[in-house]
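Here, each number is a calculation from the coordinates, and none is a lab measurement. Keep in mind the model is a prediction, meaning the values are calculated, not measured. A quick note on method: Cβ atoms are made from the backbone with ideal geometry, for glycine too, and the neighbour counts reach across all protein chains shown.
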Amino acid sequence: MQSGKLIMAVGALIFLGGLIWYFFGDKLHWIGRLPGDIRIERDNFRFYFPITTMVVVSLLVSLIMIIIRKVL
């Protein structure tokens, strides 16, 4: 695969993600609050580790990259 096509595809995906976030950001409040995300809040301490969200995003990005490689 040519690196130029891959860079253009990744750029298009980033642009598309930005458009989705801009227009539908108020409806995506559940991102980062999935079951399995670790959240500890105390008086002077906050700890947040969105492990489930990271796994879901990783799977989506992997699937998108597989589709791009097959198409290009």
Which of Trp30, Leu13, Tyr48 sits closest to the plus end of the dipole of the chain, meaning its Cα is farthest towards the positive end, when Lys and Arg get +1 and Asp and Glu get -1 on the C-beta? Leu13
Quick calc, the chain, dipole around Cα centre from Cβ unit charges on Lys, Arg (+) and Asp, Glu (-), nearest 20 debye, gives 240 debye
Compute the helix-to-body angle for 51-71: its Cα long axis versus the longest principal axis of the chain, expressed 0 to 90° and rounded to tens. 10 degrees
Ratio of the chain's C-alpha Rg to 2.2 N^0.38 Å, to two decimals? 1.45
The stretch 1-43, Rg to Rh (Cα coordinates; Rh as Kirkwood inverse mean 1/r): 1.24
